[in-house]
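Below you'll find the structure, written out as structure tokens, and then a few comments.
The values are calculated or read from the model by the stated rules, or taken from the named source; none is laboratory data. None of the values given here were measured: they were computed from a predicted structure. Here the Cβ is made from the backbone with ideal geometry for all residues, glycine too, and neighbour counts use every protein chain on show.
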Amino acid sequence: MRSIIYLLFFFCPFSVAFASCGDSDDIKENKKPEPIPAPEPEIAIENFGVNLSGAEFSYVYPGVDGTHYGYPTTKCLDYFNSKGLKLIRFPFRWERIQHDLNGDLVQTEINKMKNFVKAAEDRDMPIILDLHNFARRSFDGGSTFVRIGDNGLTADHLGYVWLKLAKEFKSYTNIWGYDIMNEPYSMASTTQWRDIAQVVIYKIRSVDTETPIIISGDRYSSSEHWVQFSDNLRTLIDPSNKLIFQAHIYFDKDSSGTYKNSFEDEGATDQTGVDRVKPFVEWLKKYNKKGLVGEYGVPSNEPRYLPALENMLKYLSENGVPGTYWSAGPRWNESAPHTLSVQPTENYTKDKPQIAVLRKYTKTDSK
């Protein structure tokens, strides 16, 4: 989500010295697997769900668990499972799970992630592992960020961390997909997001040929501007033919999800969501691609947005495109209250208003 806190992510060039970790066995695994024939299109019913935030919180890296960031809980899983919202997008930060480029993963953090994934697996809840970094990485504790393609930060660095993550998580039965990067934007002309994604796909497929790979669109994954900014993603090659394309949508005027003004001043209508997501859905149908709307959300204090949310979910369901609402997780209520949050209050006994709409659309239409 492009909320106010994410404005800190805008690129600020600076020189940075990267630690050299040498060549590991992982890094040598760079062969491109042989493609397999494309499968026949499948009609499948998919779950809707929510983002469970917390592990991606704070611009202090690595930070203190429980102070700067934290992991969602089994109580969160049980609540949303009870509402039928089973698909969980699980955001986390690159800097926390791998302190040095090409270095080992931070096993204490990986173990916490695994505990959450296993708890979801026990509840038959599919998980999206979401590297929530906007195609950038910090090297100074979170004050400034380097864009992939600048100052020595390369697509291979992103590929290597996903190779390692795939090795760690491929044995779980509930990994719905590897979401390789949240909301890339303003990439360098010499390092396009499509080309970065292709490197990562090949790295993952060198160790995991089964798990789907989720590719977010450029320009903050805008569904409304998908054709203008992300059409080239259809040329990506996955040797396993298991790519899922991801778009995001918010209903305020600038699509940032900040909802700074009134409903009228934001220019919203009951059809805003459908109108903005339609270019993405039509693109999926035109090119026979599988898709996901990984973020959408409306304020809890403005009921006039609820019909727009419902109309969009109905449209997505009818077109076989699942989605995950932004956002939930206990840290929203503890340290960063936000009107979009659907985290329940009063010890999980009081629903947010958006839940009444979300629980109507828990699976895509089978038609």
Some residue of segment 65-86 being buried (at least 19 other Cβ atoms within 10 Å of the Cβ), small (Gly, Ala, Ser) and farther than 28 Å from Thr191 by Cβ: yes
Unique match (being in a helix (DSSP H, G or I) and either without any contact (Cβ under 8 Å) to a residue 12 or more places away in the chain or under 30 Å from His68 (Cα atoms) (or both)) among Asn333, Asn311: Asn333
Any hit, segment 42-54, residues being in contact (Cβ under 8 Å) with a residue 60 or more places away in the chain, within 24 Å of Ile249 (Cα to Cα) and among the charged types (D, E, K, R): yes
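Going through segment 223-239 one residue at a time, which ones are in a helix (DSSP H, G or I) and more than 28 Å from Ser256 (Cβ to Cβ)?
Within segment 223-239, the subset in a helix (DSSP H, G or I) is 226-235.
Selection gives Thr235 alone.
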Residues within segment 321-343 that are over 20 Å from Glu266 (Cβ atoms) and either at pLDDT below 95 or surrounded by fewer than 21 Cβ atoms within 10 Å (Cβ to Cβ) (or both), tallied: 8
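If the requirement is being closer than 20 Å to Ile127 by Cα and either part of a loop (DSSP other than H, G, I, E, B) or among the hydroxyl-bearing types (Ser, Thr, Tyr) (or both), which of these qualifies: Tyr178, Tyr202, Tyr220? Before you say what the answer is, go through the steps one by one.
Numbers: Tyr202 fails: closer than 20 Å to Ile127 by Cα; Tyr220 fails: closer than 20 Å to Ile127 by Cα.
The conditions single out Tyr178.
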Test: Gly294 is at positive phi and in contact (Cβ under 8 Å) with a residue 24 or more places away in the chain: no
Residue that is nearest to Leu236 (Cα to Cα), among those in segment 209-226 that are surrounded by 22 or more Cβ atoms within 10 Å (Cβ to Cβ) and of a type outside the set (S, T, N, Q): Ile215
Qualifying position, being surrounded by fewer than 16 Cβ atoms within 10 Å (Cβ to Cβ) and within 18 Å of Ser222 (Cβ to Cβ), among Glu318, Glu282, Glu295, Glu346: Glu282
Subset of segment 104-138 [touching a Lys or Arg at 6+ places or on another chain (Cβ under 8 Å) and farther than 24 Å from Glu295 by Cβ]: Asp104, Leu105, Val106
Enumeration of residues in segment 216-261 that are farther than 30 Å from Ile204 by Cα and either within 15 Å of the chain's Cα centre (by Cα) or touching a residue at least 24 places away in the same chain (Cβ under 8 Å) (or both): Tyr250, Phe251, Ser255, Ser256, Gly257, Thr258, Tyr259
Residue tally, condition of a type outside the set (Lys, Arg) and in contact with a Pro (Cβ under 8 Å, 6 or more places away or on another chain), over segment 240-290: 7
All positions within segment 346-367 that are under 25 Å from the mean Cα position of the chain (by Cα) and farther than 25 Å from Pro330 by Cβ: Lys363, Thr364, Asp365, Ser366
Selection status of Ser186, under 18 Å from the mean Cα position of the chain (by Cα), assigned to a loop (DSSP other than H, G, I, E, B) and surrounded by fewer than 17 Cβ atoms within 10 Å (Cβ to Cβ): yes
Lone qualifier among Asn261, Asn311 - being surrounded by fewer than 24 Cβ atoms within 10 Å (Cβ to Cβ) and over 17 Å from Glu224 (Cα atoms): Asn261
